[in-house]
1. Does the stretch 438-454 contain at least one residue that is within 21 Å of ASP278 (Cβ to Cβ), under 21 Å from the mean Cα position of the chain (by Cα) and surrounded by fewer than 24 Cβ atoms within 10 Å (Cβ to Cβ)?
2. Filter the stretch 101-130 down to the residues that are of a type in the set (Asp, Glu), in a loop (DSSP other than H, G, I, E, B) and within 14 Å of MET171 (Cβ to Cβ) and list them by number.
3. Mind checking which residues of the stretch 118-148 are free of Cβ contacts under 8 Å to residues at least 40 places away in the same chain and among the basic types (Lys, Arg)?
4. Within 21 Å of LEU294 (Cβ to Cβ), in a loop (DSSP other than H, G, I, E, B) and without any contact (Cβ under 8 Å) to a residue 60 or more places away in the chain: which single residue out of PRO359, PRO325 fits that description?
5. Given the conditions (1) at pLDDT below 95; (2) at positive phi, report the number of the one that GLY316 does not fulfil.
6. For ALA143, all conditions in the list (1) within 27 Å of the chain's Cα centre (by Cα); (2) in a loop (DSSP other than H, G, I, E, B); (3) crowded, with 17+ Cβ neighbours inside 10 Å hold save one; what is the number of the exception?
7. If THR103 passes every condition in (1) touching a Ser or Thr at 6+ places or on another chain (Cβ under 9 Å); (2) modelled with pLDDT of 95 or more; (3) open to solvent by less than 10 Å² (accessible area, probe 1.4 Å) but one, which one does it miss?
8. In the list GLY336, GLY371, which residue meets the criterion of being of a type in the set (Gly, Ala, Ser), more than 25 Å from GLY301 (Cβ to Cβ) and either modelled with pLDDT of 95 or more or under 24 Å from the mean Cα position of the chain (by Cα) (or both)?
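The values are calculated or read from the model by the stated rules, or taken from the named source; none is laboratory data. Only a predicted model underlies this, so the values are computations on that prediction, with no experimental measurement involved. Please note: Cβ atoms are built from the backbone with ideal geometry, for glycine as well, and neighbour counts cover all protein chains shown. The accessibility values were calculated without ligands, DNA or RNA, using every heavy atom of the protein model including side chains. Shrake-Rupley method; radii C 1.70, N 1.55, O 1.52, S 1.80 Å.
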Amino acid sequence: MMTRARTALAVAGAVLLAGGCTVANSGSAAGADTLQIVLPEEPPTLEPCDASLTATGRVVRSNITEPLAEREPETGKLEPKLATGWRQTSPTTWRFTLREGVTFHDGTAFDAKDAAFSVSRTLDSGIECNVDGYVFGDSEVTAKAADGSTLEVTTGKPDPILPLRLSFVEMVPTGTDTGSRVREPVGTGPYRIDTWNQGINLRLARYAGYWGKAPDYAAALYTWRAEGSVRAAMISSGEADIAVGLAPADGAGDHAVEYPNNETSYLRMDAGKPPLDDLRVRRAVNYAIDRKGLVASVFAGLGKPAGQLVPDGVTGYDPDIRAWPHSMKRARALIGEARADGVPVDTKITIIGRNGIYPKAAEAMEAVQHGLREAGLNVEVKMLDVNAWTEYLLRPFPEDAGPTLLQAQHGNQAGDAAFTMEQIYGSKGAQSSYGTPGLDRRIARAERAAGRDRQERFAEALAHQGEEVVRDAVLAHMKGIIALAPRVSYQPNPASGDEMRLAAVHPAD
């Protein structure tokens, strides 16, 4: 989760039938060579340049389409994919050597013209790709084919992590529409789109001309059910092999596998509006939240109290930044000091929550509300569905909302704090409600740095935000649950919730 938007779509109702426990329209007639996966929601599109969105990316990335390079979730290393190597030839220029013998699903050969086209379509076509804003921000990037197997990419200013950014650009052929999103893309991945029965299922078939090792399963069948208990039941009944996005209460039992899912839950404060514009009040909010109790009870242990928005394994993570301790005494004292100085601490603060952002989302915000009220603040909870909630997530924010605390979740898929700091904490960030010149300078210095210096500068920026700015109340680094049928073998990793590589799933021994 960067914080990624999830689109709510109407899906066919799932009916549990007595005796056989069959879920209607589940595609359970699929053969043994078909991998069956049940998702919480149908992908709104399979547009490759929106593959950083969870609902799209978990189907598209490295299954249908592929990038030039891939970050391995377990190691954090950037590995070759459609590019076999890359090098920086000047402070603003990179050259990528492309893999030969690669074809698209329509049989055409992949070359540097396709790669340059894919970069341009993602960043400059006017489609407003999610990858453009999330990964590249306001960066100036141009790409051209130096020859058939060499791509040259130039940036407006030095960018030490350009290959990492380009790992989010999925390769498509030059004939792909540049005027609008495509629903069913042509890619180079191990699977091609076979059939998409909207509202029912999506079937991928193994691509016979794939350049790499063929995956074990001849096909993959995706279905979607909004209810976690239904997804878990489909594993128990043998109607699905993998179910994602489950909660402990969904009843997956011995089929459930917990894993760190890259997501960090937090509350974004409107630090420019009273009473949240007073640093003492923002610190009081942090002291008043019982993170250990929240993780143990509401999150059912699926998390770890956190004090920074990036988890371990991301460049910039600082192990010395601890979760705020729970101290109602300190919270009340700070609120009392602010009140004595004329800060309007009785002003109503609204917690803007999002239904379904994680299991028991409403209960989590009610627990936070209880703590803040006990500290002396006037707090109400307003739970919204995703579309209404998104209006508060992204600029321009609603003008008449008053001071708010936004329930949010952020997943850094790329493994570098640059994909967190500018958009969430920068003064002009798309998801930022408040910034400071001092923090902006620290972010800018970190983005220009490389290697160990980059790690130290981002850690410094995160520490400054947590100690001096205090724009957020970070709650917990989260865990996810996947359910696996006995017939399959799959080891989930931090990217599994956003990018499930079908080639990594094997028949059980």
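1. no
2. ASP106, ASP111
3. LYS144
4. When all the criteria are applied, what remains is PRO325.
5. Answer for GLY316: the failing condition is (1).
6. So the condition that ALA143 fails would be (2).
7. Only one criterion is unmet by THR103, namely (3).
8. From the options GLY336, GLY371, the qualifying one is GLY336.
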